[in-house]
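The block underneath contains the structure these notes are about, expressed in structure tokens.
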Amino acid sequence: MNKQELFENTVDEFTVLQIFNHLHTAPFSYMLIYLINYCTGMRISDVCQLRTDCLYEDGNGGYYVRPYICQKMQKTIMNLIPKALYELIQEQIKVINNLDYDEIYLFPSDKEKL
């Protein structure tokens, strides 16, 4: 990929700054979806399919998010993430675990399961 193609496929700095300036106004789950996408480069479809057991800590200060399966590659992968994002995902897991029904996905549908 040449420099021009790379430039055409990236979001300009102004746009990224505008997103981050207003990210706090989004619902927590939407903000978290964006941050996971931004930090890992995961496809949104893979982010939306993360399960509540997606976090991994290696014991040496490394924090990871692990999609259940990468749809395109058909294999399990782990993405290194910042500790702050790891902690935000833990907050979302607590929210999901407090639902009055069993849920395996980190970002379930807004409709309650029957």
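The values are calculated or read from the model by the stated rules, or taken from the named source; none is laboratory data. Note that this is a predicted model, so its numbers are computed, not measured. Virtual Cβ from ideal backbone geometry, glycine too; neighbours counted across all protein chains shown. For accessibility, only protein heavy atoms count, side chains too; no ligands or nucleic acids. Shrake-Rupley method; radii C 1.70, N 1.55, O 1.52, S 1.80 Å.
The table that follows gives values for the structure above.
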{"item": "Heavy-atom accessible area order for Asp58, Asp110, Asp46, largest first, 1.4 Å probe", "result": "Asp110, Asp58, Asp46"}
{"item": "Spin-label pair Asn37/Glu91, simplified geometry with 7 Å Cα→Cβ offset, distance in nm", "result": "2.0"}
